[in-house]
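Before any comments, here is the structure.
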Amino acid sequence: MPDSITLTFSCPDKPYISATVLGFFADHGYNILESSQHEDPFSKLFFMRTVFSPLEKSTLSIEDLRSEFSAIAENYKMEWKLRENSVKPRIIIAVTKTNHCLTNLLNAWERGVLKVDVAGVISNHEHLRELADWYKVPYYYLPVTKETRSQQEAQILQCMQDNDIELLVLARYMQILSDDMCQKLRGRAINIHHSFLPGFKGAKPYHQAFERGVKLIGATAHFVTAELDEGPIIEQAVERISHANLPEELVEIGRDIEAVVLNRAVKWYAEDRVLLNNNRTVVFRR
């Protein structure tokens with residue numbers, strides 16, 4: 001019997017969904033610890049996240065609960081997940097040469113505030129191997145060129161499969177994933193872009209911001225899609241700047257924002273707080 005569980009789902013909006021779901025878990029001896037829901041009037045979808053704890057009379061395993069709940073899920077055409085909270089999602093982090101986002105993630109993970117299991121670091125360079133070694137995390141050096149991109153992506157997917165990886169985190173991984181890779185990792189790959197999207201997409205966004213004389217710069221964590229920097233947004237933050245800041249200063253200011261924003265996005269994903277809503281997200285923040 002699991003200590004606590006989290007149910008998340010989305011489905012076409014209909015009457016009595018909440019009553020049916022909560023009644024099911026009440027009948028099986030579960031108490032509500034936390035619950036949030038959202039009805040989207042545009043997509044006509046209903047979203048819900050609920051954390052349950054078992055009462056003494058609960059006896060079903062998580063597998064039995066999933067099996068019995070599947071009938072309700074099928075009836076309401078749900079996209080759903082039922083996770084045992086003691087089981088942390090396994091992630092792998094992809095990087096290139098910059099270390100600020102990777103360091104922030106590994107530090108939060110080591111301190112126990114990021115409830116994930118970091119199974120490794122993937123990079124197309126050797127620059128950050130020493131950092132991964134310091135945290136005792138496996139380092140996978142997978143070089144890539146234009147000619148070998150498909151083979152390298154196949155290696156990444158194989159590495160994820162071999163290590164039972166749920167989420168790929170692109171922590172300033174300066175490579176564009178192929179359309180095929182993006183499709184295979186739909187909802188399972190988070191990227192940090194060093195701009196407040198949808199502004200300043202693509203390369204050198206801080207330099208683009210400088211040229212436009214903006215007074216705010218930011219960072220955006222989003223799910224990866226085939227459309228460059230167009231994926232569903234999970235989290236964003238901004239920092240005020242002035243006309244006196246040079247592009248190099250904007251880059252340095254932006255590093256802190258990027259690390260914080262990516263950390264939040266991964267944390268919320270690990271806590272099952274992020275649900276896809278077509279090209280948007282529903283984020284049940286505390």
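The values are calculated or read from the model by the stated rules, or taken from the named source; none is laboratory data. Everything numeric here is computed off the predicted structure, so don't read it as measured data. Because the Cβ atoms are built from the backbone with ideal geometry, glycine has one as well, and the counts that use them run over all protein chains shown.
Key figures
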{"read-out": "Any hit, the range 114-123, residues being without any contact (Cβ under 8 Å) to a residue 12 or more places away in the chain, over 19 Å from Val224 (Cα atoms) and of a type in the set (Gly, Ala, Ser)", "value": "no"}
{"read-out": "Odd one out for Ser123, checked against (1) modelled with pLDDT under 95; (2) touching a Ser or Thr at 6+ places or on another chain (Cβ under 7 Å)", "value": "(1)"}
{"read-out": "Asp133 modelled with pLDDT of 95 or more, in a loop (DSSP other than H, G, I, E, B), assigned by TED's automatic domain parsing to the domain that holds Ala189 and among the acidic types (Asp, Glu)", "value": "no"}
{"read-out": "Residue pairs meeting the criteria (Cβ under 9 Å; at least 6 apart or on separate chains; first in contact (Cβ under 8 Å) with a residue 24 or more places away in the chain, in the range 17-45; second of a type in the set (Ser, Thr, Tyr) and exposed (fewer than 13 other Cβ atoms within 10 Å of the Cβ))", "value": "His28/Thr59; Gly29/Thr59"}
{"read-out": "Residues that are within 20 Å of Arg285 (Cβ to Cβ) and in contact (Cβ under 8 Å) with a residue 60 or more places away in the chain, drawn from the range 46-61", "value": "Phe47, Arg49"}
{"read-out": "The listed residue being among the hydroxyl-bearing types (Ser, Thr, Tyr), more than 30 Å from Met48 (Cα to Cα) and in contact with an Asp or Glu (Cβ under 8 Å, 6 or more places away or on another chain), out of Tyr173, Tyr140, Tyr135", "value": "Tyr135"}
{"read-out": "Test result for Ala108, outside any strand (DSSP E or B) and in the same structural domain as Leu168 (by TED's automatic domain parsing)", "value": "yes"}
{"read-out": "Any hit, the range 72-95, residues being surrounded by 13 or more Cβ atoms within 10 Å (Cβ to Cβ), among the small types (Gly, Ala, Ser), closer than 30 Å to Tyr173 by Cβ and touching a strand residue (DSSP E or B) at 6+ places or on another chain (Cβ under 9 Å)", "value": "yes"}
{"read-out": "In the range 259-278, residue nearest to Asn107 (Cα to Cα) [restricted to those that are in contact with a Ser or Thr (Cβ under 9 Å, 6 or more places away or on another chain) and among the charged types (D, E, K, R)]", "value": "Glu271"}
{"read-out": "Lone unmet requirement of (1) without any contact (Cβ under 8 Å) to a residue 12 or more places away in the chain; (2) in contact with a strand residue (DSSP E or B) (Cβ under 7 Å, 6 or more places away or on another chain) for Ser67", "value": "(2)"}
{"read-out": "Residue list for the range 140-154, restricted to those being assigned to a loop (DSSP other than H, G, I, E, B) and within 18 Å of Ile91 (Cα to Cα)", "value": "Leu142"}
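Yes/no matrix, rows are residues, columns are (1) of a type outside the set (A, V, I, L, M, F, W, C); (2) at pLDDT below 95:
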| site | (1), (2) |
| --- | --- |
| Arg149 | yes, yes |
| Glu166 | yes, no |
| Met174 | no, yes |
| Leu185 | no, no |
| Arg212 | yes, yes |
| Gly218 | yes, yes |
| His222 | yes, no |
| Ala226 | no, yes |
